[in-house]
Amino acid sequence: MRVRSTAPLFCQTGTLKGIFSFAIFLMPFLKLIWLQWSIRSFRFRPKPDTRVREYEHNGIKIAIKPSVDGLATVHDRDILIYCISQLMTAINDGKKVSPAVRFRAFDMLVATNRNTAGSGYAQLKAALERLAGTRISTNIVTGGQEVFRTFGLIESAEIVRETRDGRMQEVEVKLSDWVFNAIQSKEVLTLHRDYFRLRKPLERRIYEIARKHCGAQKQWRVSLLLLQKKCGSNSTLREFRRLVMNIVLEDRSHDHMPDYSIELDEQDDMVVFSNRQSVKLVLPQATAPQLDPDVYETARMLVSGHDVYYLEREWRKWLPETPRNPEAAFLGFCRKWVQNRKNTG
């Protein structure tokens, strides 16, 4: 069994540190159909696909429309993950952010386990074109009126400098307002660095599902049929079972799935994920109940643009004892946190 590094990872120019984050792109009216969008707006197959996909759930319609370059692939999403990680780290550090993210192409290719030869840069160009071309259209009916909205994943991409041999030096990606607003909602999962070593799109999707639902639990079980639905697979159940079993057999031999081992209980048709203990639940010394939603607005005024949900996590880790008034205790923590930052310059 190989030893897998569990240190978090984040890429900046010339360095590897921090975390990779995967933002769950949500807008209030899309929460009910997040599962469908997250699965199917990124196609699994490498062959260009220009088909329009349309879905409906509880009266809400969604259409995913690719450009002539094809629908964005699950591997194209690596670029979004990289950009989101840059922004989330900056937000948590109290820095101002904008939808425009500039990075060195080489750093991004290395961080996401991609080819750094000339073909890798060509593939990055093609991925940016697919991301820019994929459009999502939705409708929502409120008060007897139907509101139509269309938006993209990225608004634009620019190669800032390019060397004579065609390799990009710097790239600037401007995320769409919709994606940028979703990032600011702070719904983020951290991903293991080996996520980018998973080459099969189904393996990536299965890992994302395990990361979300198993989390720090010792084990999580899900029926094969439900897992197929969550993966958005259009295969027959028999074929999907075969694909999952191939992943199970490979994981038994090489422990290649990050964070969680995977087994298939063929008798009950259940897929079982077991935590490899690389994702651990950090138990605070004391617990506090869920905070009143109004307290977050007060906290935002106190911390002036910093991530209040990040501060809440830090507060819960720090708690020496269960507070009598959790809201007042949290606001007091925020005040001290701001003061400490001022004192340390």
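Here are some notes:
- The alpha-carbon atoms of segment 76-122, seen along their principal axes, cover 36, 16, 16 angstrom, with the largest extent given first.
- Segment 293-336 - Rg (one decimal) and Dmax (whole number), Cα, Å: 9.7, 28
- Unsatisfied cross-links (Cα-Cα over 31 Å) in the set Lys212/Lys317; Lys95/Lys212; Lys230/Lys336: Lys230/Lys336
- Long-range tail of P(r) for segment 52-154 (Cα pairs > 25 Å, %): 37
- The coefficient of translational diffusion for segment 167-236, derived via Stokes-Einstein from the alpha carbon Kirkwood radius under 20 °C and 1.002 mPa s, stands at 142 µm²/s.
Bear in mind these aren't lab numbers, they're just calculated from the coordinates by the rules spelled out. These numbers come from a predicted model, not from an experiment.
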